[in-house]
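Trainee: Following this message is one structure expressed as structure tokens.
Just so it is clear, none of the values below were taken in a lab; they were calculated from the coordinates. The model shown is predicted, which means the values in this text are computed figures rather than measured ones. Ideal geometry is used to build each Cβ from the backbone, glycine not excepted, and the neighbour counts take in all protein chains shown.
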Amino acid sequence: MFINYLIIPLSIVDMYQDLEVVAFDLVKVTPPVRVFVIYRPPYCDQGGVDLVNMLISFLVRYATSTNKQHIIVGDLNLPRINWNAFTCQSDFKSTDQYSILS
């Protein structure tokens, strides 16, 4: 079976240069797909909060402005989230981080 698709890298504006993100579109598939590969450092200080806010801004800009399907994968470094139950501990940092996923 031959899969006929084309990968087009997404051009990301400079304001997101601090994010560790690779994004690309798969075209010649139905429906078109936009893929995001994300790494979020494990720290939760103000710099970590700023990166999460920048990531949210990035996803709003690049994931909601198209009619494509989206795949988001990567290492988000959110250890206090129970991924099987999709719940988190009740401390502020955990609930704040969890809120970006729900």
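Trainee: Run a plain Debye calculation on the stretch 16-67 (Cα atoms as equal point scatterers, no solvent) and give log10 I(q)/I(0) at q = 0.26 Å⁻¹, rounded to two decimals, same order as the q list.
Mentor: Rounded to two decimals, the profile gives -1.03.
Trainee: Shifting gears a bit: Full extension from V22 to I71: what is 0.36 nm times the residue separation minus their Cα-Cα distance, to one decimal in nm?
Mentor: Taking V22 through I71 to full extension adds about 16.5 nm, to one decimal.
Trainee: Hey, another quick one. Using the per-residue mean of other Cβ atoms lying within 10 Å as a proxy for protection, in what order, highest first, do the peptides 21-34, 74-87 fall?
Mentor: 21-34, 74-87
Trainee: Ranked by Cβ crowding within 10 angstrom, fewest neighbours first, how are M15, M54 ordered?
Mentor: M15, M54
Trainee: Tabulate in residue order the Karplus-calculated ³J(HN,Hα) for the stretch 51-58, using 6.51 cos²θ - 1.76 cosθ + 1.60 with θ = phi - 60°, rounded to whole Hz; enter x for Gly and Pro.
Mentor: 5, 4, 4, 5, 5, 4, 4, 4
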